[in-house]
Amino acid sequence: MEISSWDSFWAGKQETDFWENPAPEIVTFIENHPPRDFPRVLDLGAGLGRHALALARENYQVTAVDSSQVALLHLQERARRLNLEIKTVGGDYRQPLFSEGSFDLIIAYNVLYHGTRQEMVRAIHLCREYLRPGGLLFLTCPTRDDGKYGNGEELAPHTYQGQDLFHPGDTHYFSDNEDLNSFFEDWNILSRNRKEHYWKKDGLILFSSYWQVIARRPGIEEEEN
């Protein structure tokens, strides 16, 4: 899936309530990590801005990244109407965008698995660079029990270019526990949970299974040891 195709994807979602409301787990994460301790937040793959806007309402310093100019323009307009300050950056999260230690928190909600395993490893490495020592990453990604696993053409082990319901032609990498251990070998994993549920789309009952990880970049003294 070419990055530019996200413009057409988001153009059709702007009036959908689902994409306007923050995920409950992000709301809980915000409540547990207040801006006095974690003021600078990066929302990677921000889309229409449901999480960036929720963070800005709570007085975080928010930077939102997305490859879709359509999504970012929508986010900018909503922030303007709500009198919220959000910095938006158009770009590919798999490429370097910020200097080391620029953020205290990073939200990567249903983002970093879009691509190959190697690209996911690269993106997680970049997140570590962007965080200050002691900073936190909140990440979600699908397990191999997810209903989309095996959908479409297998490009590499556990990597499928599918014709799924949200963005046909996209590539997804599906992780297991060993992957997470490898991805975060130089982090501190604070929590790792599987979240599973059934949901309905166009009359079909679908199964969702994904990892929810909170990982910490070690502090300076820890990194030196």
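List of remarks:
- Residues that are of a type in the set (Asp, Glu) and in a loop (DSSP other than H, G, I, E, B) were ranked within segment 156-191; the one that is modelled with the lowest pLDDT is ASP164.
- Among the conditions (1) touching a residue at least 60 places away in the same chain (Cβ under 8 Å); (2) more than 29 Å from SER182 (Cα to Cα), ARG117 misses just one, which is (2).
- Boolean, LEU55 is at pLDDT 95 or above, among the hydrophobic types (A, V, I, L, M, F, W, C), under 22 Å from LEU126 (Cα atoms) and in contact with a Cys (Cβ under 8 Å, 6 or more places away or on another chain): no
- All positions within segment 203-220 that are more than 14 Å from LEU105 (Cα to Cα), hydrophobic (A, V, I, L, M, F, W, C) and assigned to a strand (DSSP E or B): LEU204, ILE205, LEU206, PHE207, TRP211
- Taking residues in segment 61-82 that are on the phi > 0 side of the Ramachandran plot and among the charged types (D, E, K, R), and partners anywhere that are modelled with pLDDT of 95 or more and not in a helix (DSSP H, G or I), not one pair has Cβ atoms closer than 8 Å while being at least 6 places apart or on different chains.
- Any chance ILE214 is of a type in the set (A, V, I, L, M), within 17 Å of the chain's Cα centre (by Cα) and within 23 Å of PHE103 (Cα to Cα): yes
- Among the residues of segment 125-158, those that are under 17 Å from ASN177 (Cα atoms) and in contact with a His (Cβ under 7 Å, 6 or more places away or on another chain) comprise PRO142, ARG144.
The values are calculated or read from the model by the stated rules, or taken from the named source; none is laboratory data. Because the structure is a prediction, the values reported are computed rather than measured. All Cβ positions, even for glycine, are placed from backbone atoms using ideal geometry, and neighbour counts span all protein chains on display.
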